[in-house]
1. For A:THR41, only one of the following conditions fails: (1) within 14 Å of another protein chain (Cβ to nearest Cβ); (2) more than 22 Å from A:GLU166 (Cβ to Cβ); (3) not basic (Lys, Arg). What is its number?
2. Quick one: in segment A:40-58, of everything that is touching an Asp or Glu at 6+ places or on another chain (Cβ under 8 Å) and not β-branched (Val, Ile, Thr), which residue is surrounded by the fewest Cβ atoms within 10 Å (Cβ to Cβ)?
3. Can you confirm whether segment A:210-230 contains a residue that is among the charged types (D, E, K, R), in contact with a strand residue (DSSP E or B) (Cβ under 6 Å, 6 or more places away or on another chain) and not assigned by TED's automatic domain parsing to the domain that holds A:GLY125?
4. So which of B:LEU36, B:LEU24, B:LEU43 ends up being out of contact with any Cys (no Cβ under 9 Å at 6 or more places or on another chain) and closer than 21 Å to B:ALA139 by Cβ?
5. Return the only residue of A:LEU203, A:LEU209, A:LEU195 being surrounded by 15 or more Cβ atoms within 10 Å (Cβ to Cβ), in contact (Cβ under 8 Å) with a residue 24 or more places away in the chain and in contact with a helix residue (DSSP H, G or I) (Cβ under 9 Å, 6 or more places away or on another chain).
6. Can you pull out every residue in segment B:2-23 that is modelled with pLDDT under 95 and crowded, with 19+ Cβ neighbours inside 10 Å?
7. Would you check which residues across segment A:86-109 are at the interface with another protein chain (Cβ under 8 Å from one of its Cβ atoms), under 18 Å from A:LYS169 (Cα atoms) and touching a strand residue (DSSP E or B) at 6+ places or on another chain (Cβ under 7 Å) and list them?
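The values are calculated or read from the model by the stated rules, or taken from the named source; none is laboratory data. The structure presented is a predicted model; accordingly, all values stated were derived computationally and were not measured. With ideal geometry, Cβ positions are generated from the backbone for all residues, glycine too; neighbour counts draw on all protein chains shown.
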Protein chains: 2
Amino acid sequence: MAGTNRTNETLTGGPVVILVAPQLGENIGMAARAMLNCGLTELRLVSPRQAFPNERAVAAASGADLVLDGAEVFGTVEDAIADLNMVYAATARRRHFLKEIVTPARAAAEMRAAPAEGRAGVLFGPENSGLDNDHVALADRIVEAPLNPAFSSLNLSQAVLIIGWEWMKSGREDVGAEMPMGHTYPAEKELILKLFEHLEDELDARGFLVPVEKRPSMVRNIRNIFHRMALTDQEVRTLRGVISSLTRYPRQDGK
Amino acid sequence: MAGTNRTNETLTGGPVVILVAPQLGENIGMAARAMLNCGLTELRLVSPRQAFPNERAVAAASGADLVLDGAEVFGTVEDAIADLNMVYAATARRRHFLKEIVTPARAAAEMRAAPAEGRAGVLFGPENSGLDNDHVALADRIVEAPLNPAFSSLNLSQAVLIIGWEWMKSGREDVGAEMPMGHTYPAEKELILKLFEHLEDELDARGFLVPVEKRPSMVRNIRNIFHRMALTDQEVRTLRGVISSLTRYPRQDGK
């Protein structure tokens, strides 16, 4: 997200997304879009209910053609996962399996830590019912997104997005916050101090900074407000113009 | 996500979601569903293009009626944010603003840390164009999800989900992984050791564990495989049955 992170990244190494018996082309398309948003490109479909390729999928993909064009169709989950080393089953309902359940962030960290020759994949079930227990049993782990327990059923493409999002995040340090300065930079302190003097002079001239024993703290409070803004040269000039305008000229509407 | 976290949580304190000029009812509905998935309930719409309430929104919400029923419609962004203390503008394109940009996780942490009387909201722009610069300017911060720089435009409901997901996560410790044992627990070691003895006896009887100087390491390797499984009583019994079956009875198909 910072300038230096905006170079094109190689779109490899991420998990394969396997949609088992998806019902609607729209959801396949939206899943493909979510995948490419998150740098994932390898899509596999097991027995889609509608013929594939599919016009509605293309429309819903909003340009993620690269993912749809490369999508492979399989007849069984077993065939779709045959070349993978580590398979996660994405589920919303808790199953009674003795199988490790990981959060999406943990699954992403595991997949990032995998050796280069290891391939991982994530299974997603059909929209109405989720994965069959037989398909969950084929996975090494269950990946479950902790959501509102009273309303935890995600749209298929939303489930894909959460996995993709955590995959994307796992590859980057979270910068948390940044201030994009472009070609600007905070003004030299001399300019800032002149702004303060200008403002305080105008306020003194109007008897605002009284009583005198409170003047230092009042000045400090006002200066803090402006300091917090990390003003640029141009912004300092703008503010000085504002002060001048407010103090030198009468209102032109006569109020 | 663990049993103790599955109690119903109070759905309050989260940010207000403000959709500015959303074009399609479907996207409003999917956004409402994503919100409720993540425990967010307060939706505001600014000048939706289609009349609201809207049948397509209801269908796409898949049961998140609570969110749609409570949604408020406003004529301007200014009116929609008037009672909020902290406003984030969700954007995909980088703007040339001197405004702090935070990641969704950072925004969520800030919102969690806010005092109880402080209300936060997140502005999302229309599907085709995102937020106007004038609307971004009304926000305190920009929240930007670092995505594939070559394909960063998210579906509206997906953008809402990422914010909601990070909000949800920020309220919980990430347990990472857990093994749901139900009423079971790993078997007593005595049972495990008897399983090993059973297996090794059958293997010894067939001359598998040779040469004798390699026997200890071969046994260790086999025991490690079974130890890693944290077998329950029932599973130990099952495995002993498997060994017995393999060793006692001939194939019934004559091969």
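1. Of everything listed in (1) within 14 Å of another protein chain (Cβ to nearest Cβ); (2) more than 22 Å from A:GLU166 (Cβ to Cβ); (3) not basic (Lys, Arg), A:THR41 misses just condition (2).
2. Among those that are touching an Asp or Glu at 6+ places or on another chain (Cβ under 8 Å) and not β-branched (Val, Ile, Thr), it is A:ARG56.
3. So the first thing to find is which residues in segment A:210-230 are among the charged types (D, E, K, R), and the list is A:213-215, A:220, A:223, A:228.
Add one more test, that the residue is in contact with a strand residue (DSSP E or B) (Cβ under 6 Å, 6 or more places away or on another chain), and what stays is none.
For segment A:210-230, residues among the charged types (D, E, K, R), in contact with a strand residue (DSSP E or B) (Cβ under 6 Å, 6 or more places away or on another chain) and not assigned by TED's automatic domain parsing to the domain that holds A:GLY125: absent.
4. Numbers: B:LEU36 fails: closer than 21 Å to B:ALA139 by Cβ; B:LEU24 fails: closer than 21 Å to B:ALA139 by Cβ.
Answer to the check: B:LEU43.
5. Working: A:LEU203 fails: in contact (Cβ under 8 Å) with a residue 24 or more places away in the chain; A:LEU209 fails: in contact (Cβ under 8 Å) with a residue 24 or more places away in the chain.
It is A:LEU195.
6. B:GLY14
7. Answer for segment A:86-109, where residues must be at the interface with another protein chain (Cβ under 8 Å from one of its Cβ atoms), under 18 Å from A:LYS169 (Cα atoms) and touching a strand residue (DSSP E or B) at 6+ places or on another chain (Cβ under 7 Å): A:VAL102, A:ARG106.
Let's see how each residue does on (1) among the aliphatic types (A, V, I, L, M); (2) free of Cβ contacts under 8 Å to residues at least 60 places away in the same chain; (3) within 12 Å of chain A (Cβ to nearest Cβ); (4) out of contact with any strand residue (DSSP E or B) (no Cβ under 7 Å at 6 or more places or on another chain):
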{"site": "B:ARG119", "(1), (2), (3), (4)": "no, no, no, no"}
{"site": "B:LEU131", "(1), (2), (3), (4)": "yes, no, no, no"}
{"site": "B:HIS135", "(1), (2), (3), (4)": "no, no, no, no"}
{"site": "B:VAL143", "(1), (2), (3), (4)": "yes, yes, yes, no"}
{"site": "B:ALA150", "(1), (2), (3), (4)": "yes, yes, yes, yes"}
{"site": "B:SER153", "(1), (2), (3), (4)": "no, no, yes, yes"}
{"site": "B:ILE162", "(1), (2), (3), (4)": "yes, yes, yes, yes"}
{"site": "B:SER170", "(1), (2), (3), (4)": "no, no, yes, yes"}
{"site": "B:ASP174", "(1), (2), (3), (4)": "no, yes, yes, yes"}
